[in-house]
Amino acid sequence: MSTDPAKHVRKKKDAGHAWKSLLEIFAAAIGAPGGPKIATETRAVSYTGYCLCIRLDILVLGTASFSTKEIFIMAGKFLLKKASDGQFYFQLKASNGETILTSEMYAAKPSATNGIASVQKHAPDDKNYERKNDKTGKPRFNLKASNGQVIGTSESYSSESARDAGIASVKTNAASAATEDQS
């Protein structure tokens, strides 16, 4: 196995941005910026379905501090489902299993699959999010394609900041999410 986890992760289609996210998480965990200088050696990288595990041996330079850390990153996923009326829809699940986006109903499975591709294409750009309130005044959002068509709708949230966190979660999870066909 390669000793460069970034090269290994790039080979995994569904892990896309996981290495960059891992570095950000790791830097925060050790107190960067201005934190200790570290040297790491990757001992193992494994990828199974929706989980990326990276094991690092860490040496804090200038000290005798040494430790081994295993960091797990769970990826989000799309669930492709068939409704009782025979139509298809999908849900985007965050890494914690929460539903963060639900599609409209599609008459054909290939249309729902195209909807997932559209979410992956449009999710990164903030201008594609319509922030609104539901009938009871609770914040929610729609993700729209560049033609203005709604391709996914969120749940209702308790606050605008919770809704904005939901949008951030869609941006984080959609691009690298695998699709699990449950239809």
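If you bin all the Cα-Cα distances of the range 77-181 at 10 Å, starting from zero, the percentages per bin are 16, 50, 30, 3. For a 20 Å ceiling on Cα separation, which of these pairs sit above it: 81/132; 135/171; 121/144; 81/109; 77/109? 81/132; 135/171, as the Cα separations exceed 20 Å there.
Between residue 125 and residue 82, the modelled label-to-label distance comes to 3.5 nm, taking each label 7 Å out from Cα in the direction of the beta carbon. Binning the C-alpha pair distances of the range 128-167 at 5 Å intervals from 0 yields a P(r) profile of 6, 29, 32, 19, 11, 3 %, listed from the shortest bin outward.
Where a number appears in this text, it was derived from the coordinates with a stated rule and is not lab data. All figures in this text were calculated on a predicted structure; none of them were measured in a lab. When we count neighbours, we look across all protein chains shown, and the Cβ atoms used for this are built from the backbone with ideal geometry, even at glycine.
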